[in-house]
Amino acid sequence: MQALSIWPLKSGLLVGSRLEFELDCSCFLVSRKIRKRHCNFGSISSLILDSSNTSRVLFLCEPKRGSLRTSVGVGWATEQREEEVSRDKTNSRVNVRELAYSLRAAKTADDVDVVLKEKGELPLQVYCAMIRGFGKDKRLTPAMAVVEWLKRKKSGPNLFIYNSLLGAVKESNEFGETEKILRDMEEEGIVANIVTYNTLMAIYMEQGEFRKALEVLDLIEEKGFEPSPVTYSTALLVYRRMEDGMGALEFFSELRERYSRKEIGNDNDHDWEFEFIKLENFVGRICYQVMRRWLVRDENLTTKVLKLLNEMDNAGVKPSKEEHERLIWACTRGEHHHVVGKELYKRVRERFPDDEISLSVCNHLIWLMGKAKRWWAALEIYEDLLEEGPEPNNLSYELVVSHFSILLGAASKRGIWRWGVKLLNKMEDKGIKPQSRHWNAVLVACSKASETAAAIQIFKAMVENGEKPTVISYGALLSALEKGKLYDEAFKVWNHMIKVGIEPNLHAYTIMASVLTGQGKFNLLDTLFKEMVSKGVEPSVVTYNAVISACARNGLSGEAYEWFGRMRGEKVEANEITYEVLIEALADDGKPRLAYELHLKAQSEGLKLSAKPYDAVVRAAESYGATIDVNLLGPRPEKEKRG
């Protein structure tokens, strides 16, 4: 029975034997609770040599740290039995950490010889520990120097020394020495093992030579080695670096199929069933990371994300709920990402029914759908919160209200009043209280659509729901009444607005000017204009156009022309609408010459009139026998309507 070296630690006993050191550079911790467990250390801090038995070496290890000065030890495998080192034996102690520190500046084998020539024979594991420690400290030069010095010794460096050196190359990122080390191994007649190839694969990956790294897998099989779990994990990591989620998934699926056919995983060194569970979790994590990288890129990779999600389903690889939610957070570009966000949301709801989705994730999705102008989809998510949970908070409410505001704004601009009414009803159904701006949007839509009765009903509903009408509310209602020629009702609304203390704005004054004109109450219209000026509300071209248009609709071309003169006297510039309405009114009223002169005047001011006033002038001149020079009017405009 081979003797073991044992050292008590807080978490258990560290044991080792020289024979095991020759076999591998791994370590085991014998715990009081667990019979044998693999663990990682930095570099050996010290060792004790048993002078009576050179096959026994005791390694003293400390927790892993960053630099050589504080780096710690690596222990190796143990046999099954535990024995204590006899106190009466003569032992000599080597402080590996101190030894490595003294070699940190070594550049050549001669520099190493100065330090080590008096140390006598040391186990090769000491050199392994120092070499790896140099790599972690990004000091490849002293590591190379130690190996060159070992070449001078009769025993020379063995496979594990070279594996340690390749590991140092990987850790230090000084990849230029890789090929030289491989040539040295070949010259020394040292045959690589699976650890060598695993390390080589990792080096190529760190270099960005991904295809070369994956080719190492073929080389391993050619050499007759059985790949280890580390081999497969490294290959999957290569696909991660390539951001090739599909490749990683296909690689894992092929491995699993080969395992089911007993083509791999036939050794007894690993619990392959457990290892495949870890590999499945790992490939799932890789796919998640790749998809997240795709989502944060500037280019649109939505299709690739959805395809990878489907392929993961086919392969039976299931991301966790947390990974789904983190992917949703990565969806920020509404135009492209709303499809992915909705799909991920659907998966979380369906696949994790007992694990409530995060409210912040739902709020993010509501925001995302709004950004993508998918307001109904945002509302569906809000409805899910009300019905399935979690309970929406103030942010949820405000986000949905803002979406309704956008929808109602669109309805208002387009005059889609029925849609606006449905939206108001939808808000109330979901417990969202419409605010003044929402009621106003629908009122404006009704006004634009000349839906007087609907506007009256909306205004009443607004008051009944406890919302105080604003000047915009009154203006929209006045406009709807004016278009419906309900002048008396409009006058009553105006008086009520003044009574409740709401100051009219320019729009309200303009609507009322049109109402008074329609009623033919020009004396009150004069009073209204004087009131506007006294309150600092200057009549605009829109106000004058409203009066002129109302005159024209009622066949009062003379009054229209009079207000045009008043407008010019107030230095308010007429626009195309002013001239077109007035020209048509004069022409239809049998005043072709005056209409003709106004057309020429508009042209002289650089205004582009439509074909309608042109046709009205020509038609009136022919009907009433007026003499005009049509050539001065220029060519007839091509389009019947302006822009």
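The values are calculated or read from the model by the stated rules, or taken from the named source; none is laboratory data. Computed from a predicted model, the values in this text were never measured in an experiment. Quick reminder, even Gly has a Cβ in these numbers, built from the backbone with ideal geometry, and neighbours come from all protein chains shown. The area values use the complete protein model at the heavy-atom level, side chains included, leaving out ligands, DNA and RNA. Shrake-Rupley method; radii C 1.70, N 1.55, O 1.52, S 1.80 Å.
Of the cross-linked pairs K468/K535; K307/K346; K117/K151, those separated by over 18 Å at the C-alpha level are K468/K535.
Between rounded, prolate and oblate, where does segment 386-440 land on the alpha carbon gyration tensor, with a ≥ b ≥ c its root eigenvalues, rounded for a/c under 1.5, else prolate if a/b exceeds b/c? Verdict is prolate for segment 386-440.
Label point 7 Å out from D298 along Cα-to-Cβ: which residues of segment 326-341 have amide N under 19 Å? What the label zone holds, given the 19 Å backbone N cut-off, is 331-337.
Taken one residue at a time, the phi angles of segment 139-144 give Karplus couplings (6.51, -1.76, 1.60, θ = phi - 60°) of 10, 6, 4, x, 5, 5 Hz. Gly and Pro are set to x.
Take every pair of alpha-carbon atoms less than 8 Å apart whose residues are at least six positions apart; their mean separation over the length of segment 167-268 yields a relative contact order of 21 percent.
For M246 and W376, a Förster radius of 41 Å and the Cβ-Cβ distance give a FRET efficiency of 0.80, rounded to the nearest 0.05. Working from label points 7 Å from Cα in the Cα-to-Cβ sense, the N425 to V339 distance is 3.3 nm. With the highest mean first, a sort of the peptides 627-638, 396-407 on other beta-carbon atoms found within 10 angstrom per residue produces 396-407, 627-638.
Of the residues V533, L556, A616, the one whose Cα sits farthest toward the positive end of the charge dipole of segment 488-631, with +1 on the Cβ of Lys and Arg and -1 on the Cβ of Asp and Glu, is V533. Under 19 Å of direct C-alpha separation, and excluding same-chain neighbours fewer than eight residues apart, K422 reaches these lysines: K373, K413, K430, K433, K448, K460. Averaging the sequence gap over all C-alpha pairs within less than 8 Å and six or more residues apart, then dividing by the number of residues, gives segment 521-590 a relative contact order of 31 percent. Placing a label point 7 Å from the Cα of N495 along the Cα-to-Cβ direction, the residues of segment 454-489 whose backbone N falls under 12 Å of that point are 488-489. Would you please classify the overall shape of segment 488-631 from the alpha carbon gyration tensor, given that a ≥ b ≥ c denote the square roots of the eigenvalues, rounded means a/c under 1.5, and beyond that prolate means a/b larger than b/c while oblate covers the rest? The shape class here is prolate.
Our analysis of segment 392-487 gives Rg over Rh at 0.99, with the two radii drawn from alpha carbon positions and Rh computed by the Kirkwood formula. Candidate cross-link partners of K485 among the aspartates and glutamates, defined by an alpha-carbon separation under 17 Å and a same-chain spacing of 8 or more, comprise E451.
Remark on R374: its backbone amide H falls under 5 Å from none of the residues 5 or more positions apart or on other chains, H modelled at 1.01 Å from N. Expressed as a whole percent, the accessible area of segment 488-631 that falls on carbon and sulfur atoms is 50 (1.4 Å probe). Inter-label distance, V542 to Q457: 2.8 nm, where each label sits 7 Å from its Cα along the C-beta direction. Largest first, the residues Y509, Y259 sort by 1.4 Å accessible area into Y259, Y509.
Anisotropy class assigned to segment 275-374 is oblate, per the alpha carbon gyration tensor with a/c at or over the 1.5 cut-off and a/b no larger than b/c. Treating r as the C-beta distance of S155 and Q289 and R0 as 45 Å, the FRET efficiency rounds to 0.50. Only Cα pairs under 8 Å and 6+ residues apart enter the sum, and on that basis the relative contact order of segment 488-631 stands at 16 percent.
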